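Notes follow once the structure below has been shown.
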Amino acid sequence: METNETPLSASAKTGVSRRGFLGGMAATALGAATLASLSGCGQQAPASSAKGEEETTALASGNASFKEGTYTSTQHTPYATAEVTCTFDGTGLGSASYTVTATSEKDYFPLYAPALEELCETVAAAGKTAGVDAVSGATFCSNAILDGVDACTLQALEVTAPRPEQLNPQQAGWDTFEGTCDKVFSPIKLGAMELPNRVVKSAGSGVWADANKDKLPVAKELYGAMAENGVALNLLAGGNLSGFGILPDSLDKTDGTLDEALTRAAELTDAIHAGGGKVGFQMCFGGLAPSVPDEVINETPVKDLDAFIDRVGTSAERAKTAGFDCIEIKGASADALNGFLTRRVNKREDEYGPQSIENRTRLFVRMIQKIKEVNGDDFPVGALINGVEENDSELGDNELFMTKEEGIEIAKAMEAAGADWIQVRVGAKSGEMNIWAPDVQHIAPNADGLTGYGTVFDYTAHFDGAVDGSRSGFASFLPLVAAIKEQVSVPVGCAACLDLRLGPDYINDAIAQGSIDLVFMNRPLNCDPELVSKIQEGRRQDVRPCMKCMHCHDNIGSNKTVPSSCRMNASSFNSLTDTMPEGMVPTPAEKAREIMVVGAGPAGMEAARVAAERGHSVTLYDSEMSLGGLIPFAKGVKGGHERFDDYLTYMAAQLEKNGVNVQLGTTVDAALVKEQAPDAVVVATGGVRESRFSGSNVLAPRDAFSPAATGDKVAVLGSGVQAIDFAAFLVSQGKQVVILNEGDAATLDKGQSGWFKSYMLPYLRSNGTQIHSNVQIASVDGSGVAFKTAAGLDKTIACDTVVEFYDMQPNTALADELQKVGVEVYTVGDAAEPHNIQRAVTTGNLCARAL
Ligand SMILES: Cc1cc2nc3c(=O)[nH]c(=O)nc-3n(C[C@H](O)[C@H](O)[C@H](O)COP(=O)(O)OP(=O)(O)OC[C@H]3O[C@@H](n4cnc5c(N)ncnc54)[C@H](O)[C@@H]3O)c2cc1C
Ligand SMILES: Cc1cc2nc3c(=O)[nH]c(=O)nc-3n(C[C@H](O)[C@H](O)[C@H](O)COP(=O)(O)O)c2cc1C
Ligand code: SF4
């Protein structure tokens, strides 16, 4: 632990530049005013938006009033936690102190600890403010301390109102884990079925849907493991199990494959039962909107609906025979059944039409009743509904959106029909976007609450105020669930970033306070099937963190039904296939070998972890003094939503646990390999990026990180995920950005997940970013960039700064050299084929399994 207590009286230091206080697009008038007033330097606050103007003027003129007292703030970095304490008198900051506790056991902390000692002195030198640059050599820690001072300052100014440009102010401190989660682990009854705890796996098409074909072993292994590790009920998406023959578009598919499908279903339900869990079948109808034209809802004659209800009965019987303990009916997202519930789609004129809640819910109600009729009253049936609707492509009032009050009425109708639980989502016209709204809306730095148009979404003005965007997406739907729960007596819950790893105490408290009964999760469990038992055992640090990146949904909707593998868990959809025949758990190595892994980015860390787990003796090298490769930089650029800190902390702990010898600050060359004489070398050195131009205004990515390093107008040369994220970072600083892409438009944001891409590009465009694709960049000089457009025109863009962020190239120099001298060598991650974290982790994992 490093402690520093320095009264702010130290003499001025030279070479300290100001950093953007409360930086970013939301670098608000208040932030600037705080800086001016605290520093006592009489600095004028920059122009501000109307709401902050008055306050700014008051502060800048020295009338700010600081509430006397001592304030504290806790900030996290990948390697340490900083506790900052500031004392304010009536005129400003009196003293600041900090305690930094290393959260990683690595020995690099002492190396930057001395740099931290400069910090309070530096703050003082800048004039009693935190408006200084991070201390070189201690960037993460000192940024955390400076952020802590910022946070304390806001407390002293009693700033509770939202900052003008930040429509959705973010809370802190919701992600604690101090309790036992006793409420999460308390039993609950869904009708006649008792569950030992509140955790339900929300349906996820993918391995189960594909169990029809060759993925049954994967599904059995994955879902069996979830059951063994405490998932009380697993809801399996039934959409693709056409053998059950209930989908409107597959009513006649009860062909010879039926028996086979039922046998496979029984094998899977057996595997889940053997693990100690219950299993439910999700009846869903046609997936995304385009596959279910509105005509299916509006023109299906009633006699067909009667036949459909019969088919539902048959399907339910079959599900019970195959071992399912319950059925969840999906009337949410953009499924066909939701088309009956929403006035937006339902235009019928009969008793199933939009005229009343009774009519809208009639089909749903009949289905619940039918299932109970055929399977018995004690056979539990759940209802998955949208509790409120909105659509970001029609922002604003729209009388056809389902209101929260209607959502409540629909829930009541479900309960009256016999539903034993209700799962709640928010609805949208454009497919299932809102299931992941909590994530896609938070992907751009400092712009919490993005719409699909790239503008910032004001939650208080949308979704009837029932969605809460104040925790970077976590538990967003909770107010909606609470409002419904108040009106019904059956258990109610939701999924969508209600990740038990992220906010265990928060979820537990929500259950204790009666806001929610059931904790539905999907992605976090795919990422770590042991999540529940680890939380129950108090081992949150051992849970592999789901980063909410949406790569697991990338292939849905294209020609494949199987998701890509998880970014963090290479095995979650791949085990027991040709790729990973041994299953999720790597087999012990036949013979322990000495392995050198070069590069501690995602690829190298994963390779080292898995190789060590298999029993090899592994040394992981990196020339940098920290783990993570590009990740710490990416985190600085991208902001906190994807929780890169959690990933780094998790990986550091896993490497240690598996006995990997980590050698940081060590550059590996052929000579070192020769000296160490390992049995094999894994080269995970990351990609290389070319630099084509020179000049004082041309910067490499890392040199452009500080807002002070770039001018007001910046040209980003490149178009992959790294360039696009960096452009968003610049936008968040209020810079004007031009992206010059030498590829075609399809290459924009390459490496990013489809859902994120669909929000990020509109965000850039709506903030004035110009994007030119298919260009040929010709030259750069002090005034800007000359290029040829796709149409062959010569054009020049004036800018202050040019950042070279071209896609990386493979980096095989070391591997080639080693190969030449007969070393057994493998190349993984960006070094082999630059792309993204998912590919880096997967290639690292697979390589280590083969060693
Ligand atoms: C701004 C930014 C945003 C990004 N956004 C995303 C995103 O949204 N999604 C996504 O999936 N990816 C994103 N990425 C890309 C992602 O970070 C990389 O694809 C990933 O880190 C590649 O992992 P890696 O392990 O192959 O290589 P790296 O992370 O590059 O790690 C390589 C490591 O090898 C070390 N090394 C190199 N040579 C030697 C040597 N001779 N001896 C010892 N050590 C050596 C380096 O120091 C480095 O630490 C982003 C990257 C950046 C910079
Ligand atoms: C790959 C994938 C497939 C999904 N398939 C379904 C499905 O078939 N039925 C359904 O109701 N929800 C489906 N969902 C939505 C999830 O049930 C869940 O609501 C969503 O992932 C948000 O919860 P989470 O944050 O816990 O992942 C799917 C999600 C993913 C990522
Ligand atoms: S791919 Fe990303 S969002 Fe999906 S489960 Fe894995 S870490 Fe979570």
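For VAL618, indicate whether it is near ligand 1 (Cβ under 8 Å from one of its atoms), open to solvent by less than 30 Å² (accessible area, probe 1.4 Å) and modelled with pLDDT of 95 or more. Taking the combined requirement at face value, the residue does not satisfy it. Of note, LEU655 does not satisfy the criterion of being within 30 Å of ALA786 (Cα to Cα), within 14 Å of ligand 1 (Cβ to nearest atom) and in contact with a helix residue (DSSP H, G or I) (Cβ under 8 Å, 6 or more places away or on another chain). In this structure, ALA715 does not satisfy being more than 24 Å from GLN838 (Cβ to Cβ), open to solvent by 60 Å² or more (accessible area, probe 1.4 Å) and either touching a strand residue (DSSP E or B) at 6+ places or on another chain (Cβ under 8 Å) or hydrophobic (A, V, I, L, M, F, W, C) (or both). Just wondering, is there one or more residues in region 369-385 that are free of Cβ contacts under 8 Å to residues at least 60 places away in the same chain and in a strand (DSSP E or B)? Within region 369-385, one or more residues are free of Cβ contacts under 8 Å to residues at least 60 places away in the same chain and in a strand (DSSP E or B). Can we say ARG839 is at pLDDT below 95 and within 30 Å of TYR647 (Cα to Cα)? For ARG839, the condition - at pLDDT below 95 and within 30 Å of TYR647 (Cα to Cα) - is met. Only one of the numbered conditions (1) in contact (Cβ under 8 Å) with a residue 60 or more places away in the chain; (2) in a helix (DSSP H, G or I); (3) open to solvent by 30 Å² or more (accessible area, probe 1.4 Å); (4) under 22 Å from MET625 (Cα atoms) is violated by ALA671, and that is (1).
Here's the yes/no breakdown for (1) assigned to a loop (DSSP other than H, G, I, E, B); (2) farther than 23 Å from GLN809 by Cα:
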| site | (1), (2) |
| --- | --- |
| ARG692 | yes, no |
| SER696 | yes, yes |
| ARG702 | no, no |
| ALA708 | no, yes |
| GLY711 | yes, yes |
| VAL714 | no, yes |
| ALA723 | no, no |
| ALA728 | no, no |
| VAL737 | no, yes |
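Within region 583-608, which residues are surrounded by fewer than 24 Cβ atoms within 10 Å (Cβ to Cβ) and in contact with a helix residue (DSSP H, G or I) (Cβ under 7 Å, 6 or more places away or on another chain)? Once the filter is applied, which keeps residues that are surrounded by fewer than 24 Cβ atoms within 10 Å (Cβ to Cβ) and in contact with a helix residue (DSSP H, G or I) (Cβ under 7 Å, 6 or more places away or on another chain), region 583-608 yields GLY583, MET584, PRO586. Filtered by the rule that a residue be in contact (Cβ under 8 Å) with a residue 60 or more places away in the chain, open to solvent by 70 Å² or more (accessible area, probe 1.4 Å) and within 36 Å of the chain's Cα centre (by Cα), region 757-807 gives ARG765, ASP800.
Total residues in region 822-844 satisfying the condition of being more than 10 Å from ligand 1 (Cβ to nearest atom), touching a helix residue (DSSP H, G or I) at 6+ places or on another chain (Cβ under 7 Å) and not in a strand (DSSP E or B): the figure is 1. Do we have ALA612 as more than 16 Å from ligand 2 (Cβ to nearest atom), exposed (fewer than 15 other Cβ atoms within 10 Å of the Cβ) and part of a helix (DSSP H, G or I) here? For ALA612, the condition - more than 16 Å from ligand 2 (Cβ to nearest atom), exposed (fewer than 15 other Cβ atoms within 10 Å of the Cβ) and part of a helix (DSSP H, G or I) - is not met.
From the list GLY407, GLY418, GLY427, GLY493, the one residue that fits, being over 29 Å from LYS635 (Cβ atoms) and open to solvent by 20 Å² or more (accessible area, probe 1.4 Å), is GLY418. Restricting attention to region 809-821 and to residues that are touching a residue at least 12 places away in the same chain (Cβ under 8 Å), in a helix (DSSP H, G or I) and not charged (D, E, K, R), the residue that is nearest to ligand 1 (Cβ to nearest atom) turns out to be LEU814. For GLY665, indicate whether it is at positive phi, touching a strand residue (DSSP E or B) at 6+ places or on another chain (Cβ under 9 Å) and more than 16 Å from ligand 2 (Cβ to nearest atom). For GLY665, the condition - at positive phi, touching a strand residue (DSSP E or B) at 6+ places or on another chain (Cβ under 9 Å) and more than 16 Å from ligand 2 (Cβ to nearest atom) - is met.
Among the residues of region 537-552, those identified as more than 7 Å from ligand 3 (Cβ to nearest atom) and either buried (at least 20 other Cβ atoms within 10 Å of the Cβ) or under 29 Å from GLN752 (Cβ atoms) (or both) are ARG540, GLN541, ASP542, VAL543, ARG544, PRO545. Of all residues in region 197-222, those being open to solvent by less than 20 Å² (accessible area, probe 1.4 Å) and at pLDDT 95 or above number 5. Taking the criterion of being open to solvent by 10 Å² or more (accessible area, probe 1.4 Å) and touching a residue at least 24 places away in the same chain (Cβ under 8 Å), the residues of region 510-523 that qualify are ILE511, ALA512, GLY514, SER515, ASP517, ASN522, ARG523.
For region 590-608, residues that are more than 10 Å from VAL828 (Cβ to Cβ), within 23 Å of the chain's Cα centre (by Cα) and more than 16 Å from ligand 3 (Cβ to nearest atom) total 1.
Scanning region 293-335 for residues that are aliphatic (A, V, I, L, M) and under 17 Å from ALA417 (Cβ atoms) yields a count of 7. Put simply, of LYS635, LYS591, LYS548, LYS560 the only residue that is within 30 Å of ARG471 (Cα to Cα) and either in a loop (DSSP other than H, G, I, E, B) or at pLDDT 95 or above (or both) is LYS548.
Limited to region 835-844, what total is found for residues that are buried (at least 24 other Cβ atoms within 10 Å of the Cβ) and either farther than 8 Å from ALA603 by Cβ or not hydrophobic (A, V, I, L, M, F, W, C) (or both)?
Summing the residues that are buried (at least 24 other Cβ atoms within 10 Å of the Cβ) and either farther than 8 Å from ALA603 by Cβ or not hydrophobic (A, V, I, L, M, F, W, C) (or both) in region 835-844 gives 4.
Against the conditions (1) in the same structural domain as GLU409 (by TED's automatic domain parsing); (2) within 16 Å of ligand 3 (Cβ to nearest atom), PRO438 satisfies every one except (1).
When restricted to residues that are in contact with a helix residue (DSSP H, G or I) (Cβ under 7 Å, 6 or more places away or on another chain), over 18 Å from LYS189 (Cα atoms) and more than 9 Å from ligand 2 (Cβ to nearest atom), region 511-529 contains 1. In the set GLY473, GLY454, only one residue is more than 20 Å from ALA334 (Cα to Cα), within 16 Å of ligand 3 (Cβ to nearest atom) and open to solvent by less than 20 Å² (accessible area, probe 1.4 Å); that residue is GLY473. For region 530-551, how many residues are within 14 Å of ligand 2 (Cβ to nearest atom) and touching a Gly at 6+ places or on another chain (Cβ under 6 Å)? The qualifying residues number 1.
Answer with yes or no whether ALA475 is closer than 28 Å to LEU235 by Cβ, in contact with a Leu (Cβ under 6 Å, 6 or more places away or on another chain) and modelled with pLDDT of 95 or more. Yes.
The values are calculated or read from the model by the stated rules, or taken from the named source; none is laboratory data. Predicted model only: the values in this text are computed from it and were never measured. Please note: Cβ atoms are built from the backbone with ideal geometry, for glycine as well, and neighbour counts cover all protein chains shown. Ligands, DNA and RNA are stripped out before the accessible areas are found, and what is left, the full protein with its side chains, is counted by its heavy atoms. Shrake-Rupley method; radii C 1.70, N 1.55, O 1.52, S 1.80 Å.
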